[in-house]
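Remarks on the structure that follows.
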Amino acid sequence: MSSCRKRCKREMFKFAQYLYRLITGTLHADSVEDELELSAVRHRPEGLEQLEALTRFNRKELQILYRGFKNECPSGVVNEDTFKVIYSQFFPQGDASMYAHFLFNAFDTDKDGSVSFEDFVMGLSILLRGSVQEKLNWAFNLYDINKDGYITKEEMLDIMKAIYDMMGKCTYPLLKDDTPRQHVEIFFQKMDKNKDGVVTIDEFIDCCQNDENIMRSMQLFENVI
Amino acid sequence: MAAGVAAWLPFARAAAIGWMPVASAPMPTPPPDNRRKQDGLILLNVSGQKFQTWRNTLERYPDTLLGSTEREFFFHEETNEYFFDRDPDIFRHILNFYRTGKLHYPRQECISAYDEELAFFGIIPEIIGDCCYEEYKDRRRENQERIQDDEDSENQNDMVPPDMTFRETMWRAFENPHTSTMALVFYYVTGFFIAVSVMANVVETVPCGTLQNRVKQVSCGERYALAFFCLDTACVMIFTVEYLLRLMAAPSRWNFIKSVMSVIDVVAIMPYYIGLVMTDNEDVSGAFVTLRVFRVFRIFKFSRHSAGLRILGYTLKSCASELGFLLFSLTMAIIIFATVMFYAEKGSSASKFTSIPAAFWYTIVTMTTLGYGDMVPKTIVGKIVGSVCSLSGVLVIALPVPVIVSNFSRIYHQSQRADKRRAQKKTKLGRIAARKSGGTSAYLQYKSNGLLSDLIDEVTVDPSQALVCKANPMFDTHHNHLLHCLEKTTNHEFVDEQTFETSLLEVSMAKHPPHSPSLSSGSSSQGLSCCSRRNKRKSFNVPNSNMTGGHRNSIQELSTIHIRERPITNSRSSLNAKFEETVPLNCKQPYITAAVITLPTPPVTTPENDGSASSPDYSQANIVRVSAL
């Protein structure tokens, strides 16, 4: 009962306040106490020397990379939405948001919801300057959505759908609904040696190393920077 | 794609490795990477202010000046920088465009200067970012309007092209009364008669004393019926004539008939004619009386005479939505309050609020704070409702009014600006004319002082040149020399306006009948051919088409014109002595369309059978046949 009364009193008090404000002319509830605006997250990367040590880029390349990075993300970190926006601009005819989501997860190695410059540059270092083994490792990491060490058919289907989404509608020949699924079947046939329905990292790396096309295509983007 | 995002392309390409394992077909070969050259800093010196940026930044947009090889034209070897002699303040924005991919428009810059800079650097203005695009478009539109205004009034105020038909002259007189005296007179006369007509309508109804055998007052209209009828007739006569004249002169009659002013005119004079037709019929004379009400529309004819009235009408038209909203909200409030009032006062005895529509009147009178007092609530509830009604009335009416007022103010200021521009235009044209005349008179002075004295004319500057600031004597010298070369080339001379006009008049008086066309055409063709053969013979295309454009119609039948050189009277005598070998064809004389003038040069007197033979003694009186092309 006392709590009831207390609540009643509180309500009465609030109503009296409201009437008072109505009479004096201010009806906005919290006109004085503004919420302290959450200051934007700022992040400063490690020094150049540390980054040079961590990655395989030299100073100049790091400088160029950082300038481009900072231009798009002045705060120093990329969150997933910005990431999606940036990546989508490269694929205007389709929907690149799903693939960007997976990419983001692949770059965000410390899982803090944002990709800092270190994450970014380390990822790039693997992709551009790493050994084939490392690249394949990275690709496996990308496909393994829940990072449990196995690629299941569902995970692969998600990835495949994301890739096909980037194509958009206007393709030749026409994209059918089960094209991703068929592609996943082909992939699993190739990769899944012991036919247990999942692909492990060793199966993946073995299979890719035996495939000429894949080996050749891994070297494709060597001199991007 | 924004330029900044382009910097992420390497990342996107690297991320493509993720597709490789699932790819079923081999990948295409990557394009050759010819971007091996190091990304260096570029120094841009814009009028002394130095800007630096990466070379790659500039090359993001290869179809602009800075991004393409065009910038090499501006490379300055001594200082190893690119020098541009342009405005550094605006350049800042242009460089920012390269950096951020967004072009902004600075509000304090002049729109034409900005457009020029954009055009110079090869950037299309359509890529201005959304934040600044509206402002840019507004300013651009204003500028265009200003230019259009200038052109329009220039076309209007030009020397009247004399070949306007009578109909066009009349229409012009109607639309712009200040162009000619007749038009002005007409304008004032019609205005006067509109006023007279309106006053007569008003005075007609004033009681004018009693007739002998009647008790009640009689209006002036009935007492002096004949006088008023005559006055009315006269006014309607004038209005009818005016309307018919306008209808005749209108360039597009259908458009004219559809226009508002024409409708007002018709409504103003129709009642009279209908009345004339209908006086003998008894039962429709009641309608005839109502028709007289329409005579009051004559007062709207004043809107042709008053710009303010037109502005008011235009404002009301443009505020139609606000007015509509006002009306709608008022209606809503009226209905609500009338209903409440009716039911509140239903109980009281002998209440005037007999029905809800009856209560409308009370509500309107109360909401507009008029308060006649013919209907008053008696119950307490009624009085409360009445007070709330009057308070809310003030609010509802006060809300849309500022919108209408601001609209009116904007339109009024716009028209004032137009007037101001027109007033300024006179001084502007005066400045331009002074500059032009200063320039030509400088040249004429230069010539009269003798061709070889370049800098003496500095001293003998005449007052008209005081308006023209002479900044660069060397420039003037070269310019004068250039004009002289032109004179020599065309064998004509520059003259000032008065002498030209007098000569025009003279030539128009002394028109020669046309020769037979065959002869002249033969002569023209042969003249041409002979010109090509004889290079000693000078053939000139007279360029001054604008000089004779006005008289084009009148000389269409003329195929050959005689141009007689007048003996030089005024200060040209000294010139004449020098220009011996050429025929000093002053522009005083000529009456030339695009014609080929074949002039015989003095030493060559070979007779040609082409009709352009010249008399040997031409030093004083040269007759040159000009065949009109």
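Things worth noting here:
- Scope the stretch A:166-199; condition surrounded by 14 or more Cβ atoms within 10 Å (Cβ to Cβ) and among the hydrophobic types (A, V, I, L, M, F, W, C); matching residues: A:M166, A:M167, A:L175, A:V184, A:F187, A:F188, A:M191, A:V198, A:V199
Residue-by-condition table, conditions (1) under 30 Å from A:D119 (Cα atoms); (2) over 23 Å from the mean Cα position of the chain (by Cα); (3) charged (D, E, K, R); (4) at pLDDT 75 or above:
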{"residue": "A:Q17", "(1), (2), (3), (4)": "no, yes, no, yes"}
{"residue": "A:D34", "(1), (2), (3), (4)": "no, yes, yes, no"}
{"residue": "A:E49", "(1), (2), (3), (4)": "yes, yes, yes, yes"}
{"residue": "A:K60", "(1), (2), (3), (4)": "yes, yes, yes, yes"}
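- Among (1) surrounded by 13 or more Cβ atoms within 10 Å (Cβ to Cβ); (2) among the polar types (S, T, N, Q); (3) more than 26 Å from B:F166 (Cα to Cα), the one test that B:T240 misses: (3)
- Options A:L142, A:L136, A:L128: the member that is under 18 Å from the mean Cα position of the chain (by Cα) and within 10 Å of chain B (Cβ to nearest Cβ): A:L142
- Hits in the stretch A:45-80 - residues which are surrounded by fewer than 13 Cβ atoms within 10 Å (Cβ to Cβ) and under 27 Å from A:S97 (Cα atoms): A:P74
- Within the stretch B:261-306, considering residues that are β-branched (V, I, T), in a helix (DSSP H, G or I) and more than 30 Å from B:H178 (Cα to Cα), the one modelled with the lowest pLDDT: B:V289
- Condition met for A:S131 (surrounded by fewer than 16 Cβ atoms within 10 Å (Cβ to Cβ), more than 24 Å from A:S88 (Cβ to Cβ) and among the hydroxyl-bearing types (S, T, Y)): yes
- Only one of B:Y105, B:Y133, B:Y98, B:Y187 that is closer than 30 Å to B:H305 by Cα, more than 18 Å from the chain's Cα centre (by Cα) and surrounded by 14 or more Cβ atoms within 10 Å (Cβ to Cβ): B:Y187
- Selection status of A:V115, away from chain B (no Cβ under 12 Å), of a type outside the set (D, E, K, R), touching a residue at least 24 places away in the same chain (Cβ under 8 Å) and surrounded by 18 or more Cβ atoms within 10 Å (Cβ to Cβ): no
- Considering only residues in the stretch B:190-209 that are in contact with a Lys or Arg (Cβ under 7 Å, 6 or more places away or on another chain) and at pLDDT below 90, the one that is surrounded by the most Cβ atoms within 10 Å (Cβ to Cβ) turns out to be B:N201.
- All told, B:V160 falls short of being modelled with pLDDT of 85 or more and more than 26 Å from B:T64 (Cα to Cα).
- If only residues of the stretch A:67-82 that are part of a helix (DSSP H, G or I) and more than 10 Å from chain B (Cβ to nearest Cβ) are counted, the one that is modelled with the lowest pLDDT is A:T82.
- Residue that is surrounded by the most Cβ atoms within 10 Å (Cβ to Cβ), among those in the stretch A:145-156 that are within 16 Å of A:D192 (Cα to Cα) and away from every other protein chain (no Cβ under 11 Å): A:E155
- Scanning the stretch B:338-369 for residues that are closer than 16 Å to B:V388 by Cα and aliphatic (A, V, I, L, M) yields B:A338, B:V340, B:M341, B:A344, B:A359, B:I364, B:V365, B:M367.
- Of the helices (runs of 4 or more DSSP H) contained entirely in the stretch B:1-93, those carrying at least 1 residues that are away from every other protein chain (no Cβ under 11 Å), under 54 Å from the mean Cα position of the chain (by Cα) and modelled with pLDDT under 90 fall at B:55-58.
- Elements of the type helices (runs of 4 or more DSSP H) sitting completely within the stretch B:312-398 and holding at least 1 residues that are loosely packed, with under 15 Cβ neighbours inside 10 Å and aromatic (F, W, Y): these cover B:320-345.
- Annotation: A:D202 fulfils all but one of (1) over 23 Å from the mean Cα position of the chain (by Cα); (2) exposed (fewer than 13 other Cβ atoms within 10 Å of the Cβ); (3) over 22 Å from A:A100 (Cβ atoms); (4) touching a residue at least 40 places away in the same chain (Cβ under 8 Å); the unmet one is (4).
- Any hit, the stretch A:143-153, residues being touching a residue at least 12 places away in the same chain (Cβ under 8 Å), assigned to a helix (DSSP H, G or I), out of contact with any helix residue (DSSP H, G or I) (no Cβ under 7 Å at 6 or more places or on another chain) and within 28 Å of A:C73 (Cα to Cα): no
The values are calculated or read from the model by the stated rules, or taken from the named source; none is laboratory data. Remember, it's a predicted structure, so these values are computed and weren't measured experimentally. No Cβ is skipped: glycine too gets one built from the backbone with ideal geometry, and neighbour counts run over all protein chains shown.
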